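*Asks:* Have a look at this one.
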Amino acid sequence: MAWIALILFLAIFIAIMMGYPVAFTLAGLSILVGIAFVPDFLDLLPLRIMGTMKNTVLLAVPLFIYMGLMLEKSGLAETMLNTMAMIFGRVRGGLAISVVIVGALLAASTGIVGATVITMGLISLPTMLKRGYDPVLATGTIVSSGTLGQIIPPSVVLVLLGSVLSVSVGDLFSAALLPGLLLVGLYILYILYTAYRDPASAPPIPQEEIDDFMGSDLVKKLTVAFILPMLLIVAVLGSIFLGIASPTEAAAVGALGAISLTAVQGKLKLNTVKAVSAQTLHLTSMVFMILLGATTFALVFKGLDGDAYLKSLIIGAELSPYAFLIIVMIAVFIAGFFIDFIEIIFIVVPVVAPIFSSLGMDLVWIGVLFALNLQTSFLSPPFGFALFYLKGVAPPEISTSQIYKGAIPFLVIQMLLLFGVMFLPSWFGF
């Protein structure tokens, strides 16, 4: 009955492409097929669902979402960007470099791509255009910096991948840190090269503005902009890496720290708490509804011996582990044009994870490759979600084609890093 499993997989994918709700499509079709073809399906399903809901690692998801949304409301991004822009203001491309660094700090504080891109688009894009930046460079810098939340821990993507792959989220965080920081460095090198090649595309900030900023309450500005956020990042990631706290416990620390930072900024109000709580509930409910649908699908797919059939196909085709990995990475990259990363994690990864495990491949390494690959999907024209997020908040004079052109060089950088981690794993500690 393995062919039924493959038909189910294709039917779900086609239904999602047609616009049907992901969670209900996954669960609905899987339940119908499970009742018809899987013995004891209705007895096994509640056990699988309860096993998923008892996974304490998944508690980190709403906590990290709450942390990110609260920091978005705190005004911290604007403070960090203004301060960083003045620090790098003398350098051509300094404002764009500031956007990348602030994007990395927000990624390490929030891990939510949509929130970061929208926040940075609202704050930095008008400033960059006002200071004479090339719209192509400005938009490319913002959308690429916003996607850093996919790979720089703590990342919701890594938490979900850890749950699906059944590997330690802490190990995933540790393994993803170097590629994430290297990506930040490559972005900055590209900006410096572009500013050197075309100085008019990334002019420096006038010296008098820098002098005026540096001369008034500099210590206070630096403390609010960098010391406090860095303390939060160290508290969250440091507690995980040192083994003091689990990812779930560290997420709780991060949520409390975000509330404290918002209070320091004078933005902690009842309406803010209500708005953040409502958004957290909405996003968390969406994630867990898809997760439960994916759990049902995984049970049916395995009950129909779909995983065993795929494994036999790979063995019969005499594919090497790397050949299979390349095929999966290409499929995920293409799927990212059309469906969201959460859907890919819960539909594709459970199907291929047992095969990677049986081939003796390091699942932590596989998890980092998936995270990097899913990050590229946010930047891939014409359907990259980060491109849509920025277009939604960009001034009317910014065209979609400019955003696409700006994203392509950064997409190439991401792909080069993905190839590096894939084919030179020992360089990255795998």
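*Asks:* Among the residues of region 81-95, is there at least one that is farther than 19 Å from Q402 by Cβ, basic (K, R) and either surrounded by fewer than 22 Cβ atoms within 10 Å (Cβ to Cβ) or at pLDDT 75 or above (or both)?
*Replies:* yes
*Asks:* A further question on this structure: Enumerate the helices (runs of 4 or more DSSP H) found wholly within region 146-218, keeping only those where 2 or more residues are farther than 25 Å from R90 by Cβ and in contact (Cβ under 8 Å) with a residue 40 or more places away in the chain.
*Replies:* The helices (runs of 4 or more DSSP H) meeting that bar are 156-165, 169-197.
*Asks:* Going by the conditions given, is I403 buried (at least 22 other Cβ atoms within 10 Å of the Cβ) and under 19 Å from the mean Cα position of the chain (by Cα)?
*Replies:* The answer is no for I403.
Rundown of residues vs (1) at pLDDT 85 or above; (2) over 30 Å from the mean Cα position of the chain (by Cα); (3) surrounded by fewer than 19 Cβ atoms within 10 Å (Cβ to Cβ), yes/no style:
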position: A5; (1), (2), (3): no, no, no
position: I12; (1), (2), (3): no, no, no
position: M17; (1), (2), (3): no, no, yes
position: P21; (1), (2), (3): no, no, yes
position: L29; (1), (2), (3): yes, no, no
position: I35; (1), (2), (3): yes, yes, yes
position: L44; (1), (2), (3): no, yes, yes
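*Asks:* Determine which member of the set L359, L416 is hydrophobic (A, V, I, L, M, F, W, C), more than 17 Å from I327 (Cβ to Cβ) and out of contact with any Lys or Arg (no Cβ under 6 Å at 6 or more places or on another chain). Don't jump to the end; show me each part of the working.
*Replies:* Working: L359 fails: more than 17 Å from I327 (Cβ to Cβ).
When all the criteria are applied, what remains is L416.
*Asks:* Would you mention how many residues in region 327-382 are free of Cβ contacts under 8 Å to residues at least 24 places away in the same chain and β-branched (V, I, T)?
*Replies:* 4
*Asks:* Tell me which residues, restricted to region 300-349, are charged (D, E, K, R) and surrounded by fewer than 20 Cβ atoms within 10 Å (Cβ to Cβ).
*Replies:* Within region 300-349, K302, D305, K311, E318, D340 qualify.
*Asks:* What is the number of the single condition among (1) surrounded by fewer than 21 Cβ atoms within 10 Å (Cβ to Cβ); (2) under 16 Å from the mean Cα position of the chain (by Cα) that D362 does not meet?
*Replies:* (2)
*Asks:* Also: Could you tell me which of the residues A200, A138 is crowded, with 24+ Cβ neighbours inside 10 Å, more than 17 Å from the chain's Cα centre (by Cα) and not acidic (D, E)?
*Replies:* Result: A138 is the single residue among A200, A138 that is crowded, with 24+ Cβ neighbours inside 10 Å, more than 17 Å from the chain's Cα centre (by Cα) and not acidic (D, E).
*Asks:* Residue check: is F88 without any contact (Cβ under 8 Å) to a residue 24 or more places away in the chain, touching a Leu at 6+ places or on another chain (Cβ under 9 Å) and of a type outside the set (S, T, N, Q)?
*Replies:* On the way: without any contact (Cβ under 8 Å) to a residue 24 or more places away in the chain: yes; touching a Leu at 6+ places or on another chain (Cβ under 9 Å): yes; of a type outside the set (S, T, N, Q): yes.
It is true that F88 is without any contact (Cβ under 8 Å) to a residue 24 or more places away in the chain, touching a Leu at 6+ places or on another chain (Cβ under 9 Å) and of a type outside the set (S, T, N, Q).
*Asks:* Additional query: Residues in region 54-79 that are surrounded by fewer than 18 Cβ atoms within 10 Å (Cβ to Cβ), farther than 12 Å from V159 by Cβ and in contact (Cβ under 8 Å) with a residue 40 or more places away in the chain: how many?
*Replies:* 1
*Asks:* Sticking with this one: What residue, among those in region 406-428 that are surrounded by 14 or more Cβ atoms within 10 Å (Cβ to Cβ) and not hydrophobic (A, V, I, L, M, F, W, C), is nearest to the chain's Cα centre (by Cα)?
*Replies:* Out of the qualifying residues, it is Q414.
*Asks:* Anything in region 1-31 that is in a helix (DSSP H, G or I) and of a type in the set (G, A, S)? List them, or say none.
*Replies:* Of everything in region 1-31, those that are in a helix (DSSP H, G or I) and of a type in the set (G, A, S) turn out to be A2, A5, A11, A15, A23, A27, G28, S30.
*Asks:* Residues that are modelled with pLDDT of 90 or more and either of a type in the set (A, V, I, L, M, F, W, C) or at negative phi (or both): does region 341-363 have at least one?
*Replies:* yes
Okay, residues lined up against (1) over 28 Å from I49 (Cβ atoms); (2) more than 18 Å from the chain's Cα centre (by Cα); (3) modelled with pLDDT of 90 or more:
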position: M120; (1), (2), (3): yes, no, no
position: S124; (1), (2), (3): yes, yes, no
position: R131; (1), (2), (3): yes, yes, no
position: I152; (1), (2), (3): yes, no, no
position: L160; (1), (2), (3): no, no, no
position: V164; (1), (2), (3): no, no, no
position: A175; (1), (2), (3): yes, no, yes
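The values are calculated or read from the model by the stated rules, or taken from the named source; none is laboratory data. Everything numeric in this text was worked out from a predicted model, so none of it was measured. No Cβ is skipped: glycine too gets one built from the backbone with ideal geometry, and neighbour counts run over all protein chains shown.
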